[in-house]
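Written out below as structure tokens is the structure these notes cover.
The values are calculated or read from the model by the stated rules, or taken from the named source; none is laboratory data. Computed from a predicted model, the values in this text were never measured in an experiment. Please note: Cβ atoms are built from the backbone with ideal geometry, for glycine as well, and neighbour counts cover all protein chains shown. The area values use the complete protein model at the heavy-atom level, side chains included, leaving out ligands, DNA and RNA. Shrake-Rupley method; radii C 1.70, N 1.55, O 1.52, S 1.80 Å.
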Amino acid sequence: MYEIVKKEVLSPGVLLFDVAAPLIAKKCQPGQFVILRIDEDGERIPLTIADFDREAGTITLIFQEVGHTTRQLGTLNKGDGLLDLVGPLGKATHIDKFGTVVCVGGGIGVAPVYPIARAYKQAGNKVVSIIGARNADLLILEKEMAAVSDELIITTDDGSKGRKGLVIHPLQEMIDAGEKIDVVMAIGPVIMMRSVADVTRPYNIHTVVSLNPIMVDGTGMCGGCRVSVGEKNKFACVDGPEFDAHQVDFNGLMARQRMYHDHEKMERCGGGSCKCNK
Amino acid sequence: MQQVKHKMPEQAAEERRRNFNEVALGYEAETARAEAARCLQCKTAPCRQGCPVEVDIPKFIKHVKDGDFDAAIDEIKTKNNLPAVCGRVCPQEDQCEKFCIMGKKGEPVGIGRLERFAADCAMAKEREESAALPAEVLGKVAVIGAGPAGLTTAGDLARLGYKVTVFEALHAPGGVLMYGIPEFRLPKAIVQREIAALRKLGVDIQVNAVIGKSYTIDELLNEEGFDAVFIGTGAGLPHFMDIPGENLNGVYSANEFLTRVNLMKAYKFPQTGTPVRVGNRVAVIGAGNVAMDSARTALRLGAEKVYIVYRRSEDEMPARHEELEHAKEEGVEFRLLTAPVRVLGDDKGWVKGIECIKMELGEPDESGRRKPVPVEGSNYVLEVETVVMAIGQGPNPLVQDTTPGLAVNKRGNIVADEAGATSKAGVFAGGDIVTGAATVILAMGAGKKAAAKIHEYVQNKKAAR
Ligand SMILES: Cc1cc2nc3c(=O)[nH]c(=O)nc-3n(C[C@H](O)[C@H](O)[C@H](O)COP(=O)(O)OP(=O)(O)OC[C@H]3O[C@@H](n4cnc5c(N)ncnc54)[C@H](O)[C@@H]3O)c2cc1C
Ligand SMILES: Cc1cc2nc3c(=O)[nH]c(=O)nc-3n(C[C@H](O)[C@H](O)[C@H](O)COP(=O)(O)OP(=O)(O)OC[C@H]3O[C@@H](n4cnc5c(N)ncnc54)[C@H](O)[C@@H]3O)c2cc1C
Ligand code: SF4
Ligand code: FES
């Protein structure tokens, strides 16, 4: 059992857990993830390690309640435990002194961006962060991001906080203003990552995205997490989850993520008869 | 004397094709004793040369014949830590039974069935094993991977007096026995019972531990105080064909498909959390045990038509004969001398069919089998909603990539000698990670040899100190 030692609601439907996992806390690096299982009948779901405290032996998970397992996870409280937790999985982010790095986080994607931005900063880079959400209520980790960035730009779709618009707009402006950008790190919904890639492609700015295909084992055994990168099949759990954004087949990724959507809704809601629209 | 084996009671094909209960039901005591009586108790016991873990076959069979089933299982267990598993899934026809004298004129003695019988008897009685373990601890050994190879090494070393820790990446030990081979061939409760017996021997099994990530091999040896390491990480990396459309929704690797169903119990969804999607029509590509398991699983999940698509003919099929027969009885359709060239999708990204091409057999290739050559212009479309790729697995590279000084061959398999020694001092390996995808019993045989070698290595090292 892996005990939940802290629970916090960051925004509606977005929760933060600190989980006691000394071995993972000791080894993990920014960019890596874990796979957890809540109970004996539970499915294995991947979540990024949003932070870690090596001394306290805890890792931080931030997740959005989107479906069955994440909702069930949301019902757990401080003192409850997870049955299984395996990690750290995936390759760590390549951190170096590149110069100027722009970290883009959309929605829940801010969570995985945070430890990466911090590591870039510690490595001596100038870090400009752009974080966005649909509205002010859904914005997470603003203070934390501000603390590790030289500059923080906020966007919301409805203008309820920061600038009205999408995260790509300030990015485009920076480029237009002739600011030299060495690396862009973008994590968020696939559509957002695809647009960031579209923005930086013409300028050949090295752009990294963290992909979240469906996973089962997380060790390269099932092949379910395969994504096409540079027209080659890659397994996101072991070859990634981070890839060169300009090489990724985002459309294929989006189609594959929908694999279980309708199926789950139907089966879990009694064949769709309940009309709960979940 | 009866020239053929006593028949194995089975669930009727019509019934079993829609349930996950075990297909073969096992001998009754009376049948087992009658089958055991067919054994000639040959002095030379040729059957034994076909057993990689060296079970004294005539001896245990004699105990069965005499009705002393406890003695039978005790005899088997001195050599084989997983008899209930082996009795079910070993390809006995190519192992012990192939050499049995009785096979010369009629059918060989049903050695596998008797092994299963003895193991099941002991389990039914919940008989405690009375293994007297050595009091002195001879050393500390880490085993990576809880498949048949790793579990065998662990069991043998524990009996010798070692403190053994097994590190397993998944949340349940067993390897392919848990995630690959379906419930209807090998009930998972049985695998876990045999593993529980190993735990009683003092073997510590740490699940959720991915070596290469949680610890590296060098850390295990230099920081965690292990005297030696055994690598039994198997062949778990699924191969794909690199044909267009392979990433469409509805195309699974056999590993993903079977893992969802077996390890994650997707056949009980939504009571369990993990879903699996099977269409009405399913094509399984390949014709080994993995393909048969996938096809029969798809049937049980409710598919109306299940095709095996294989580019050679029935003679070349690598699956066990019994599994092939079972699949046929259950209604799996075989499209032989047929190769897929493209997966077709609908406008939402879902599979709607596969384009196939007919093949004919040409000259023998490197493998000695006649090489399939495409027949120009014979393309046709097989309408299916699900495709399962069961064309083989390769070595998982996590350990090799994080272990400097460990030699691998060009396919990525770890290089080890007969006894399991690798190029790196203190590191041993065996099973599918060394040989490529093979069988349970060969993996166990490799584990046994490695355990003996590890014992020798650790004792020599201690003596030299
Ligand atoms: C490497 C990685 C890191 C991730 N990090 C985070 C994180 O830090 N915070 C967070 O909120 N989410 C993260 N996700 C996504 C998270 O795993 C999914 O939201 C979660 O699996 C959904 O499960 P569910 O049962 O609640 O939803 P359902 O929609 O009911 O899921 C059904 C099935 O689809 C899979 N699935 C559905 N959507 C996704 C998706 N987007 N990604 C992966 N699998 C999916 C599930 O595993 C499950 O098998 C990450 C995904 C990956 C691959
Ligand atoms: C579907 C299917 C059906 C089969 N049917 C038969 C049959 O009927 N008869 C037969 O004899 N053989 C059969 N086989 C083959 C047989 O199962 C294998 O040859 C055998 O399991 C190999 O044993 P192993 O111990 O080498 O590896 P595996 O059983 O593959 O076990 C390896 C274990 O190591 C773990 N692991 C991998 N990497 C790491 C890591 N880095 N850290 C920690 N743990 C790790 C894995 O999770 C796994 O549990 C079948 C195989 C499949 C896939
Ligand atoms: S070869 Fe056959 S008959 Fe002879 S001892 Fe072995 S099992 Fe019995
Ligand atoms: S999650 Fe199974 S191979 Fe990546």
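For region A:1-32, give me the residue count where each residue is more than 11 Å from chain B (Cβ to nearest Cβ) and aromatic (Phe, Trp, Tyr).
Total meeting the criteria: 1.
Take the residues in region B:239-285 that are more than 7 Å from chain A (Cβ to nearest Cβ) and in a helix (DSSP H, G or I); name whichever of them is most open to solvent (accessible area, probe 1.4 Å).
The extreme case among them is B:LYS268.
Could you please give the count of residues in region A:113-150 that are more than 23 Å from A:SER11 (Cβ to Cβ) and either basic (Lys, Arg) or open to solvent by 20 Å² or more (accessible area, probe 1.4 Å) (or both)?
So the count comes out to 6.
Considering only region B:46-85, state which residues are closer than 21 Å to B:VAL440 by Cβ, more than 15 Å from ligand 3 (Cβ to nearest atom) and not in a loop (DSSP other than H, G, I, E, B).
Within region B:46-85, B:ILE73, B:LYS77, B:PRO83, B:ALA84, B:VAL85 qualify.
Criterion first (away from every other protein chain (no Cβ under 14 Å), surrounded by fewer than 17 Cβ atoms within 10 Å (Cβ to Cβ), away from ligand 1 (no atom under 16 Å from the Cβ) and in contact (Cβ under 8 Å) with a residue 60 or more places away in the chain) does B:GLU115 satisfy it?
Numbers: away from every other protein chain (no Cβ under 14 Å): yes; surrounded by fewer than 17 Cβ atoms within 10 Å (Cβ to Cβ): no; away from ligand 1 (no atom under 16 Å from the Cβ): yes; in contact (Cβ under 8 Å) with a residue 60 or more places away in the chain: yes.
Considered against the rule, which asks whether it is away from every other protein chain (no Cβ under 14 Å), surrounded by fewer than 17 Cβ atoms within 10 Å (Cβ to Cβ), away from ligand 1 (no atom under 16 Å from the Cβ) and in contact (Cβ under 8 Å) with a residue 60 or more places away in the chain, B:GLU115 comes out as no.
What residue, of B:GLY147, B:GLY180, B:GLY103, is without any contact (Cβ under 8 Å) to a residue 24 or more places away in the chain and either of a type in the set (Gly, Ala, Ser) or within 16 Å of ligand 3 (Cβ to nearest atom) (or both)? Reasoning before the result, please.
Numbers: B:GLY147 fails: without any contact (Cβ under 8 Å) to a residue 24 or more places away in the chain; B:GLY180 fails: without any contact (Cβ under 8 Å) to a residue 24 or more places away in the chain.
It is B:GLY103.
Suppose we keep only residues that are out of contact with any helix residue (DSSP H, G or I) (no Cβ under 9 Å at 6 or more places or on another chain), touching a residue at least 40 places away in the same chain (Cβ under 8 Å) and in a loop (DSSP other than H, G, I, E, B) within region B:217-238. Which one would you say is most open to solvent (accessible area, probe 1.4 Å)?
Applying the filter and picking the extreme gives B:GLU224.
For A:PRO88, only one of the following conditions fails: (1) surrounded by fewer than 18 Cβ atoms within 10 Å (Cβ to Cβ); (2) modelled with pLDDT of 95 or more. What is its number?
Unmet for A:PRO88, out of (1) surrounded by fewer than 18 Cβ atoms within 10 Å (Cβ to Cβ); (2) modelled with pLDDT of 95 or more: (1).
Could you look through region B:1-45, keep only residues that are within 23 Å of the chain's Cα centre (by Cα) and not in a loop (DSSP other than H, G, I, E, B), and pick out the one that is surrounded by the fewest Cβ atoms within 10 Å (Cβ to Cβ)?
By that ranking, first place goes to B:GLU10.
Quick test for you: out of B:ASP156, B:ASP120, B:ASP94, pick the one residue that is under 30 Å from B:GLY426 (Cα atoms), touching a helix residue (DSSP H, G or I) at 6+ places or on another chain (Cβ under 9 Å) and of a type in the set (D, E, K, R).
Working: B:ASP120 fails: under 30 Å from B:GLY426 (Cα atoms); B:ASP94 fails: under 30 Å from B:GLY426 (Cα atoms).
Checking each option against the conditions leaves just B:ASP156.
What tally of residues in region A:157-210 results from selecting those that are acidic (Asp, Glu) and in contact (Cβ under 8 Å) with a residue 60 or more places away in the chain?
Of the residues in that region, 2 qualify.
Considering region A:226-242 alone, what residues qualify as being more than 9 Å from chain B (Cβ to nearest Cβ), buried (at least 22 other Cβ atoms within 10 Å of the Cβ) and either within 16 Å of ligand 2 (Cβ to nearest atom) or among the hydrophobic types (A, V, I, L, M, F, W, C) (or both)?
Across region A:226-242, the qualifying residues are A:ALA236, A:CYS237.
Table: residues versus (1) aromatic (Phe, Trp, Tyr); (2) out of contact with any helix residue (DSSP H, G or I) (no Cβ under 7 Å at 6 or more places or on another chain); (3) within 16 Å of ligand 4 (Cβ to nearest atom).
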| residue | (1), (2), (3) |
| --- | --- |
| B:THR31 | no, yes, no |
| B:LYS43 | no, yes, no |
| B:CYS51 | no, no, no |
| B:VAL55 | no, no, no |
| B:LYS59 | no, no, no |
| B:PHE69 | yes, no, no |
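Taking region A:33-63, which residues are in contact (Cβ under 8 Å) with a residue 12 or more places away in the chain and facing another protein chain (nearest Cβ under 10 Å)? Spell out how you get there, then give the answer.
At the first step, the residues of region A:33-63 found to be in contact (Cβ under 8 Å) with a residue 12 or more places away in the chain are A:33-40, A:42-54, A:56-63.
A:VAL34, A:ILE35, A:LEU36, A:ARG37, A:ILE38, A:ASP39, A:GLU40, A:GLY42, A:GLU43, A:ARG44, A:ILE45, listed by residue number.
Could you identify the single residue in A:ILE191, A:ILE175, A:ILE205, A:ILE181 that is open to solvent by 30 Å² or more (accessible area, probe 1.4 Å) and of a type in the set (A, V, I, L, M, F, W, C)? Please lay out each step first, then the result.
Values: A:ILE175 fails: open to solvent by 30 Å² or more (accessible area, probe 1.4 Å); A:ILE205 fails: open to solvent by 30 Å² or more (accessible area, probe 1.4 Å); A:ILE181 fails: open to solvent by 30 Å² or more (accessible area, probe 1.4 Å).
After applying the criteria, what remains is A:ILE191.
Among residues belonging to region A:67-83 that are within 14 Å of ligand 1 (Cβ to nearest atom) and out of contact with any helix residue (DSSP H, G or I) (no Cβ under 9 Å at 6 or more places or on another chain), point out the one that is nearest to the other protein chains (Cβ to nearest Cβ).
A:THR69
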